[in-house]
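The values are calculated or read from the model by the stated rules, or taken from the named source; none is laboratory data. Note that the structure is a prediction, hence the values are computed from the model and not measured. Cβ: placed from backbone, ideal geometry, glycine included. Neighbour counts: every protein chain shown.
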């Protein structure tokens with residue numbers, strides 16, 4: 001998640017923005033995972049809110065933001081809240097240097113949401129098949145990834161998922177929530 005926002009044009013606004021759509025992990029769980037990520041030495045720990053990705057970083061023209069927001073409102077309206085259970089650890093190694101907390105309950109709902117979000121104005125190909133998860137370590141040494149995998153095995157969190165969040169990637173390379181979309185509401 002390190003694509004920079006293009007330089008501003010004529011009126012001071014960028015031509016395009018980098019967005020992402022996700023389910024944010026609520027407190028106290030979000031901070032616990034972020035603290036663990038920082039403790040493993042992950043330099044992105046404090047620049048990315050703890051989340052389950054529904055749409056990875058995607059650059060869109062600023063002029064299409066209204067269309068994207070309408071699309072996201074419609075997607076949210078067509079879904080209902082669901083429970084999520086995060087438990088245990090997994091890894092994408094050797095394909096990708098990522099260790100994560102598993103989505104044990106709510107994965108099917110995440111897959112349906114991801115497919116709906118990544119359609120219409122947000123249709124795009126993915127580099128890897130979609131697999132809902134919460135990253136706890138990324139791009140670190142094998143030893144750090146091994147330690148993160150071991151420590152995340154005992155993680156357990158249960159919470160309701162009432163909707164999802166549209167975030168923007170800032171010029172300072174920090175992801176910030178921008179709009180929230182509640183399930184079942186237009």
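Key figures
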| quantity | calculated |
| --- | --- |
| Filter result (exposed (fewer than 14 other Cβ atoms within 10 Å of the Cβ) and out of contact with any strand residue (DSSP E or B) (no Cβ under 8 Å at 6 or more places or on another chain)) within segment 161-184 | 171, 172, 184 |
| Selection status of residue 79, more than 15 Å from the chain's Cα centre (by Cα), assigned to a loop (DSSP other than H, G, I, E, B) and crowded, with 17+ Cβ neighbours inside 10 Å | yes |
| Single condition residue 104 does not satisfy, out of (1) part of a helix (DSSP H, G or I); (2) touching a strand residue (DSSP E or B) at 6+ places or on another chain (Cβ under 6 Å); (3) more than 22 Å from residue 45 (Cβ to Cβ) | (1) |
| The listed residue being surrounded by 18 or more Cβ atoms within 10 Å (Cβ to Cβ), assigned to a helix (DSSP H, G or I) and touching a strand residue (DSSP E or B) at 6+ places or on another chain (Cβ under 6 Å), out of 148, 116 | 148 |
| Residue match in segment 47-66 (condition: in a helix (DSSP H, G or I), within 28 Å of residue 152 (Cα to Cα) and modelled with pLDDT of 95 or more) | no |
| Meets criteria (assigned to a loop (DSSP other than H, G, I, E, B), modelled with pLDDT of 95 or more and in contact with a helix residue (DSSP H, G or I) (Cβ under 8 Å, 6 or more places away or on another chain)) for residue 71 | no |
| Candidates 54, 122, 126, 65 - the one that is in contact with a strand residue (DSSP E or B) (Cβ under 9 Å, 6 or more places away or on another chain) and either under 20 Å from residue 33 (Cβ atoms) or crowded, with 21+ Cβ neighbours inside 10 Å (or both) | 54 |
